[in-house]
Every structure is written in C-alpha cells, then in structure tokens.
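Structure record follows, encoded as structure tokens.
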Amino acid sequence: MSQKTLYDKVWESHTVDTLPTGQTQLFIGLHLIHEVTSPQAFAMMREQGLKLAFPERTFATADHIIPTDMLERPFQDPQAEEMMRAIEKNTKDYGIPFYGIGSDHQGIVHVIGPQLGLTQPGMTLACGDSHTATHGAFGTLAFGIGTTQVRDVLATQCLAMDKLKVRRINVSGPLSPGSYAKDVILSIIRHLGVGGGKGYVYEYGGSAIDAMTMDERMTICNMSIEGGALCGYVNPDGTTFDYLRGRAFAPQGEAFGRAIQYWRSTASSNDAVYDDVVEIDGSAIEPTVTWGINPGHGIGISEKLPQPEELADPAGARRAYEHMGFEPGKPVLGIPIDVAFVGSCTNSRISDLRAAASVVKGRHVNPRVRAIVVPGSQEVKLQAEKEGLDQIFSDAGFEWRSAGCSMCLAMNPDQLRGREISASSSNRNFIGRQGSPEGRTILMSPAMVAAAAINGKVSDVREYL
Amino acid sequence: MPASGSQIGQIAGTAVPVRGDDIDTDRIVPARYLKEVTFDHMGEYPFMDERFDPQGNPRPHPFSDPKYHGASILLVNANFGCGSSREHAPQALYRFGIRAIVGESFAAIFAGNSLAIGLPTVTVPHENIEKLMAMVEADPTVQLTLDLEEQCINSPGGVIPIQVPDTARNALTQGYWDSAATLAANESKVRQTAARLPYLKGFKS
Ligand code: SF4
C-alpha cells in the first residue's frame, strides 16, 4: 500500500467514514456538470425528493452537444435543444452557476475548471465525464463518474469509493524537438497498455513533467483514463501556483499565500512509498500517432506498422487493421487523411493552438482536407483572436469555430462521413467515435495535425520546425 | 444505516458471450443515443453499430442472435467497458435484460457505474471465461447460476470460482449498492469533514 503520496494525503483528509460495505465515503470538494450526463441525475433528484447538499460547490457548463458554428437558438437539432433546455432549467431550479452559450466562461468542462481557478491542488473533484482526470494536473484527485454517482454528489457531496494503488511514472527529459505532451502520454499508454492502469492512480513526475507548463500537464493527466487509470496527477509546484494566481475563483491576496502553504503540504513526500514505479526515457520519444482502434495502438512516426503477432492482443490488432484498412509492415508516414481536427479537452488550450498555428503559418491546407480548429473555451477563443491565431488558421484554410467538444465525439453536426480518415488531436480512436461507424481516427499532437492538414497525409512535424 | 436497494445474491439464467478485449463504451452505446435526456430507451441500443451496418441491414451479433434471446448473464473478455464514463452503457445492458456480467477484467468507471445500478461485474481468469464461452456457444440453453455469497458460478460443466471485490459483494448482497441513502445518513460527519478543509472557506483564516 502506498504511503505519504498526494493520493494518500488527500484521500485521508476527505474521508468521511467507512461504509458498512467497507467502501470509503469520500467528500467531494468540487463538482462540475455538463448537459449530457446530468439530466437523468436531476430526474432522480426530483423523483426521490432530494436536495442539493452543497449548492456552492457545483458549477455547470455546456460543451458536448454545442454546434460550434451556429449558436442561434433553438438549435437545429431538436434533441440538442432539448438537452440544452434541460440543463438551463435544472441549474436554474437548483441555483447552480451555469456558463452557457453567450457566457465568456463557456467551454469544455475540463478546460474551464482550471481556467477559472476552480480546480485547485489538494482537492477532490468529480464530474460525469471520464476525462475528469485532466484536473489531476493541479494535484487534484479528480474522478470521472457516471450519472447515478452525479446524483450522489448532488445530494450528498460524497462518493462511495474503494482506495486504489499508486503507480509513479517518471519521465526524464528533455523532450526532443517536435515531441509534445501528447506524444509522451501516447507513448506511455502504448507501453503500459490501455488496461495497464487498472486498479491504479498514476502519479506523473520526473524532469520532463517538472519542466512542463500546466497546459501540457493537463494533456498528460487527461489521457490517464485511456491507460486504464481512474485518475492521474502531478504534484503541485511553483508552475501550478503561478498558473492559479489571480484566476477568478483562486484565493486572492493574503489568502493565496495560505493556500500555497496548504497546497505544498498535500504534495507527495520525498519518502513516499509507491505500489509501482515506471521509468520512461522522455528524450527518446518521437512524434507519435495511433494506427488502430484504441489509444494503445501507438507508433513512432518513423516506425513501420506492427505485425499483430508482435502485440499483446493480436486478435484486437487484426480487428484494428480490418477497420483501418492499413497493412502491417508499411510506414505510417504518408497515410492520406481527409479531415484535420484541432480540439478536445486533451489539446484545445491556447498553447495547443499556438503550436498548431506555428506550423500552419504561411502555408495552406491540402485542398482535399476538411480542417477545423475548435478552441476549448470561449476564453481560449478570445485569447487566440487577440494573438491573431484565428487569422493564421483561416488564411491557411482551417475553419475557426466556437468552443465545444465538437468532433471529439461528434454529438454535434461536426462528424466524419463514411470511411473518412481524421487526423485528430483528441483522445479516442474508437470505432465510430467521430460520428461515422466506418470512420477512422488517427490521434496525434496539434502540431502533427497541422502538418497532416497541410500535406494531406500523416506527416512528420519536425520537417516544419 | 439504511440499505436502499434490493439484496442481490444470486443471478440465474442463460448467458450470451460477446468476445473481444477492450470493448469500449462507444461500442456498447454510440454517442448519438446520448442525446436522449432519459435512460428509458437505452435497452434498444446496445451494440447498435455492430448489430446493423450503416445502411441499417442486420449484421451477425450475439445480441441479435435468437439463440441467445432472454440471456441474463453477459460473458466478456478483458478491459470491458473502457473509455467514456457514460452510464448509458450499463443502463443499456441492464435494460436489455442483462443482470450480471462475467469477464476477465473491467474498466474502473464502468464497474463503478454498474455497481451503482445493481449490476454485478465479476471476474474470472482467461481459461475460465473461455470455458464458459465455449460451453454457452455449444449450448445456449445452458443455465448458469452466479452466486455472489459463495463467489462461484454453478454450471452443468462444474463450479467455477469468481472474483469480486469484498466491498462490491457486500454492497450487492446487503442491498447497499444504491449509495445515496447511505451517504446521506452520515450528514453530520460530512459537515465535520467539510469544516476541516480550508479551501471550502476560501483559505480565509
Ligand atoms: S472534448 Fe471529448 S473527451 Fe473531452 S469532454 Fe468533450 S467529448 Fe469528452
């Protein structure tokens, strides 16, 4: 059993009781909700006559179903409109702050929490969304939960949970030029497997992680769930505190100084004990893309597509080849693409857009490619426009959109058609994920998406640096 | 402390195998069905894009196969339910008629969501899942009884031990799987815990 890790400390400070089942009743410091996984929870609240336990600890936004090009109401899709009305009514009835369309704070739930300073170190956080792990970048224990559990948090501000083991993942740096946080996490999942994190929380550290910005740490923690870990975190440090200083919901003035002391105290101790330790040589990671149908199907850009027999799950690999229509032994470089998507809670923050824009600048998207940029939040959008990034993207032939999840899961009109192949900065290449049951997704960093958009095929971004 | 759900000790019935590792929740329920604001129709959607091609023509799939009709136990391989946290996935399986899932391993959120609606997810090693799948594929009328108290599956081919975390087993067999009431009963301790956390007061000393 781990000891003196951030996980142990935060678990302990938030433990309410041991339940008759042996589970721990854990207090949840911050609850974020969005339109897709909350309506059924509010229905249960009404049906069971439950009240909101801590009204000031829940915040809401809308992201999944937002049409990012046409924000006029009612939405053209009646189901999306109904969903939007439901969250408007529910947040109004229960007195929950809601950052909806028209709010400067609207955006993907995992982008706005940190941006508003709501997400803080040493806190527990829950949200009805698996990528809640993102918030772990702040040294937050952040759990993705289902709808019944959303009801539990609304009604009691608690969850019934089992304690997990802690795996420390040390990534040594520096990263090589052209390799980003996305390449690091794709590489980690490739080596540990999509089920490798089962039963674990991932603590990321080491010189490469220490050197990362908060945006980059969020990209890493975001995809913990793709590695099978319920949550992932980075210990809070000066980078974390600098990011939080002055944010809307961060403590202000003298309180900020007290907060830093507390936050520091929650970090893993030097003599912390881990259940497992993994070492990754970050400097050896080259730009990485996926070739198959789960995020563990990753490969370095200069490698050849693997033989199914070389992999842990040959049957899964064969199924992946069947769906993707690729051939083992061929290079991944040069596979033609139809769509380029920069966005999602993994890679839609300002630094992601800057990285993509720096590749795109002065170049043009291949005429056979549909390319879109969807900022993670309205605030990111406004910042990007201030820096002129929107112009760079538009001049190059990208569509410039409003904030939302968009083509990450295609619950809005942004979808693949037929067997189209998408170069995507999102986090899941599951069959059907981007809206077409036959569609194909190749995951990569935003800079790599930009390079693929320009070339019309999977490319090595290092040629553009 | 009040137990708010029914006690779930034994699940008996026929089984349906769905083979393959890493079956994600997008495959169990495609995202377009998440636009419904209730779970009422979820039972119609499990594995929709595997059971029908894009033109709507049926494709072979165990969930469409009449010989598995009425099955209440789902047999799966490793890392079942990975990906999105959508509770729509276990809801769809439950509303389709599944009352227990036996597999090599389950993704964490999926297992938690299943437990919260009283749907047990229990694990057995690879050889035993193969044995169960082969048994059921050879004779889909085979009756299995999953016994959570005894931690085994009784089958015509013998008794197969299962693994289920003690906490989940207790929650199911004692009727505590629907946690809201249990959690709410501790309200004063919840307030005490909250009072100890400096961030809830904005670090105002
Ligand atoms: S961007 Fe994608 S992964 Fe992130 S919350 Fe939205 S749909 Fe989920």
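The values are calculated or read from the model by the stated rules, or taken from the named source; none is laboratory data. Since this is a predicted model, take the numbers as computed values, not measurements. Because the Cβ atoms are built from the backbone with ideal geometry, glycine has one as well, and the counts that use them run over all protein chains shown. Remember, those area values only see protein heavy atoms, side chains included, never the ligands or the DNA or RNA. Shrake-Rupley method; radii C 1.70, N 1.55, O 1.52, S 1.80 Å.
Using the heavy atoms of the protein chains and a 1.4 angstrom probe, tell me the accessible area per residue for region A:289-464 in square angstrom.
Details: 5770 Å² over 176 residues.
Per-residue value: 33 Å².
Could you state how much accessible area is buried at the A-B interface, both sides summed, with a 1.4 Å probe, in Å² to the nearest 100?
Working: alone 17420 and 10680 Å², together 22910 Å².
The contact between B and A buries close to 5200 Å².
Using amide H atoms built 1.01 Å from N in the peptide plane, name the residues 5+ places from residue A:305, or on other chains, whose amide H lies under 5 Å from its own.
Close amide H contacts, sequence-distant or interchain: A:329, A:330, A:332.
Could you tell me the center-to-center distance, by alpha carbons, between region A:126-162 and region B:89-161 in angstrom?
When both Cα centres are located, 27 Å separates them.
Over chain B, with a Gaussian network built from C-alpha contacts below 10 Å, which listed residue (B:75, B:148, B:183) shows the highest mean-square fluctuation?
B:183
Taking 8 Å as the Cα distance limit and 6 or more residues as the minimum spacing, I'd like the relative contact order of region A:1-159 as a percentage. Can you show the working numbers first?
Working: 261 pairs, mean separation 48.0, N = 159.
It rounds to 30 percent for region A:1-159.
Size of the dipole of chain A about the Cα centre, Lys and Arg at +1 and Asp and Glu at -1 on the beta carbon, nothing else charged, in debye to 20? Display every interim value, and only then the final one.
On the way: 42 positive and 52 negative charges, 33 e Å.
Here the size comes out at about 160 debye.
Please report the spacing between the Cα centers of region A:245-322 and region A:190-234 in Å, no decimals.
Rounded to whole Å, the Cα centres lie 3 Å apart.
Would you work out if region A:315-383 is rounded, prolate or oblate? Take a ≥ b ≥ c from the square roots of the eigenvalues of the alpha-carbon gyration tensor; rounded if a/c is under 1.5, else prolate when a/b is larger than b/c, oblate otherwise.
Numbers: a/c = 2.87, a/b = 1.82, b/c = 1.58.
Prolate.
Quote the FRET efficiency, to the nearest 0.05, computed for residue A:70 versus residue A:419 with a Förster distance R0 of 25 Å and r equal to the Cβ-Cβ distance. Can you show the working numbers first?
Values: r = 26 Å, r/R0 = 1.06.
Using R0 = 25 Å, I get an efficiency of 0.40.
Give the average, rounded to an integer, of partner chain Cβ atoms located within 10 angstrom of each Cβ in B:172-181.
Numbers: counts 1, 1, 2, 0, 6, 3, 6, 14, 14, 5.
Per residue, the average neighbour count from other chains is 5.
Quick check on region A:223-321: take the gyration tensor over C-alpha atoms, sort the square-rooted eigenvalues as a ≥ b ≥ c, and tell me if it's rounded (a/c under 1.5), prolate or oblate. Could the numbers behind the result be given before it?
Values: a/c = 3.02, a/b = 2.47, b/c = 1.23.
It is prolate, given that a/c is not under 1.5 and a/b is the larger ratio.
So in chain B, what percent of DSSP beta bridges are antiparallel if you round to the nearest 5?
Numbers: 13 of 24 bridges.
The answer is about 55 percent antiparallel.
Where a ≥ b ≥ c are the square roots of the eigenvalues of the C-alpha gyration tensor, would you call region A:289-464 rounded, which needs a/c under 1.5, or, failing that, prolate if a/b is larger than b/c, or oblate?
Values: a/c = 2.07, a/b = 1.64, b/c = 1.27.
Since a/c reaches 1.5 and a/b is larger than b/c, the shape of region A:289-464 is classed as prolate.
Run the quick spin-label model on residue A:303 and residue A:245: label points 7 Å from Cα toward the beta carbon, then report their separation in nm to one decimal.
For the pair residue A:303/residue A:245, the computed spacing is 4.1 nm.
Using a Förster distance of 25 angstrom, determine the FRET efficiency expected from the C-beta separation of residue A:438 and residue A:364, and round it to 0.05. It would help to have the intermediate numbers written out before the result.
Details: r = 29 Å, r/R0 = 1.14.
Plugging the Cβ-Cβ distance into 1/(1 + (r/R0)^6) gives 0.30.
Put +1 on the Cβ of every Lys and Arg and -1 on every Asp and Glu Cβ in chain B; which of B:41, B:192, B:153 then has its Cα farthest towards the positive end of the dipole?
Result: B:192, furthest along the dipole toward the positive end.
Counting only other chains, and only Cβ atoms inside 10 Å, what mean value do you get across the residues of A:401-411?
Numbers: counts 0, 0, 0, 0, 1, 0, 0, 1, 7, 3, 6.
Mean shielding count: 2.
Put simply, what bits of region B:76-99 lose 40 Å² or more of accessible area when the other protein chains are there, versus the chain on its own (1.4 Å probe)?
Listed in order, they are B:79, B:83, B:85, B:87.
Of A:89/B:35; A:182/A:330; A:165/B:189, which sit over 21 Å apart, Cα to Cα?
On the way: A:89/B:35 17 Å; A:182/A:330 23 Å; A:165/B:189 26 Å.
Flagged as over cut-off: A:182/A:330; A:165/B:189.
What fraction of the DSSP beta bridges in region B:95-165 is antiparallel, stated in percent and rounded to the nearest 5?
In region B:95-165, approximately 75 percent of DSSP beta bridges are antiparallel ones.
Over region B:10-174, with every protein chain in place, what whole percent of the accessible area is carbon and sulfur at 1.4 Å, could you tell me? Can you show the working numbers first?
On the way: 2980 of 5930 Å².
So the carbon and sulfur contribution to the accessible surface is 50 percent.
Run the numbers on region A:250-284: which residues show a drop of 40 Å² or more in accessible area, chain on its own versus all protein chains together, using a 1.4 Å probe over heavy atoms?
Output list: A:258, A:262.
Among DSSP beta bridges lying fully in the protein assembly as shown, give the percent that are antiparallel, nearest 5. Don't skip to the end; give the middle numbers.
On the way: 27 of 79 bridges.
So the antiparallel bridges in the protein assembly as shown amount to around 35 percent.
Shielding by partners for A:9-20, please: the mean number of other protein chain Cβ atoms within 10 Å of each residue's Cβ.
Numbers: counts 0, 0, 0, 0, 4, 4, 2, 10, 9, 1, 10, 8.
Average neighbour count from other chains, rounded to a whole number: 4.
If I model a spin label at residue B:59 and residue A:165 as a point 7 Å from the Cα along the Cα→Cβ vector, what separation in nanometres do I get?
3.6
Using alpha-carbon pairs under 8 Å, 6+ residues apart, how would you state the relative contact order of region B:8-158 in percent?
Details: 293 pairs, mean separation 46.7, N = 151.
Relative contact order for region B:8-158 comes out at 31 percent.
Within region B:67-88, which residues have the backbone N less than 14 Å from the label spot 7 Å out from residue B:143 along Cα→beta-carbon, could you tell me?
B:72
Identify the residues of region A:154-188 with backbone N under 17 Å of a label point that sits 7 angstrom from the Cα of residue A:465 along the Cα-to-Cβ direction, or state none.
Counting backbone N atoms under 17 Å from the label point, the list is A:172-187.
In nm, to one decimal, how far is the residue A:77 label point from the residue A:271 one, both placed 7 Å along Cα→Cβ?
So the two model labels end up 5.5 nm from each other.
Just going by the charge dipole of chain A, with Lys and Arg at +1 and Asp and Glu at -1 on Cβ, which of A:424, A:465, A:172 is farthest out on the positive end?
A:424
On the protein heavy atoms, probe 1.4 angstrom, tell me the percent of accessible surface of chain A carried by carbon and sulfur. List each step's numbers first, then the result.
Working: 7400 of 14910 Å².
Of the solvent-accessible surface of chain A, carbon and sulfur hold 50 percent.
If packing is taken as the average number of other Cβ atoms within 10 Å across a peptide's residues, how do B:149-160, A:87-98, A:338-349 rank, most packed first?
Numbers: B:149-160: 14.9, A:87-98: 17.0, A:338-349: 28.9.
The densest-packed peptide leads the list: A:338-349, A:87-98, B:149-160.
Under the definition of Cα pairs under 8 Å and six or more residues apart, what whole-number percent is the relative contact order of chain A?
On the way: 1123 pairs, mean separation 80.4, N = 465.
Contact order relative to length: 17 percent.
Please calculate how many Å² of accessible area region B:52-139 carries per residue, with a 1.4 Å probe and no DNA, RNA or ligand atoms counted.
Values: 3040 Å² over 88 residues.
That works out to 35 Å² for each residue.
What is the calculated FRET efficiency for residue A:85 to residue A:48, with r their C-beta to C-beta distance and R₀ = 30 Å, to the nearest 0.05? List each step's numbers first, then the result.
Numbers: r = 22 Å, r/R0 = 0.74.
Given R0 = 30 Å and the Cβ-Cβ separation, E is 0.85.
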